[in-house]
Amino acid sequence: MQKRNIYILALFFVTAFISCSKDSEPVPEIFYGKWKASYGDTLIFSRSGGRNNLNYHNSMNTLWHRVDQEFAFRDGKLGLKYITTSDFHFFDSFKWIQSGASFEIQANEWFAFLSSTGGYFTFTKIP
């Protein structure tokens, strides 16, 4: 009987470990919808084709073409998957100002081409 209990307990832990994989961590639906960036862009977070997408201008020029990038939210940080890598880049400076309504990210982390380390962009959900 004791051996059976050990097997059941081991099966439970293996199942729990597999189901708690970081890659399968759900992205909060709180991001889905339109967000206004403080630099003038409108971002669209959505889910389609089995992936979470962010549609935005990947430059500060809102007249330039828009891109779709896969996004994730893990350990309280927003991340984007760039076309040059298969991994997500998570923004260390990501911080909710008001959960589900607005957040901020350091400007040179959002746009790596910026040299200033003091500025932040604020993103506000559009109702």
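Computed quantities for the displayed model
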quantity: Most to least packed among 118-125, 96-103 [average Cβ atoms within 10 Å]; calculated: 118-125, 96-103
quantity: Exposure ranking of D87, D41, D92 by accessible area [1.4 Å probe, largest first]; calculated: D92, D87, D41
quantity: Long-range amide H partners of N53 with built H, under 5 Å; calculated: S46, R47, S48, F71
quantity: Hz values of 3J(HN,Hα) by residue in the range 91-106 - Karplus curve (6.51, -1.76, 1.60), Gly and Pro given as x; calculated: 7, 4, 8, 4, 8, 5, 8, 9, 3, x, 10, 7, 9, 9, 9, 4
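The values are calculated or read from the model by the stated rules, or taken from the named source; none is laboratory data. Quick caveat: nothing in here was measured; it's all calculated off a predicted structure. Cβ coordinates were reconstructed from backbone atoms using ideal geometry, including for glycine residues, and neighbour counts include every protein chain displayed. Note: accessible area is taken over every heavy atom of the protein model, side chains too, but ligands, DNA and RNA are not part of it. Shrake-Rupley method; radii C 1.70, N 1.55, O 1.52, S 1.80 Å.
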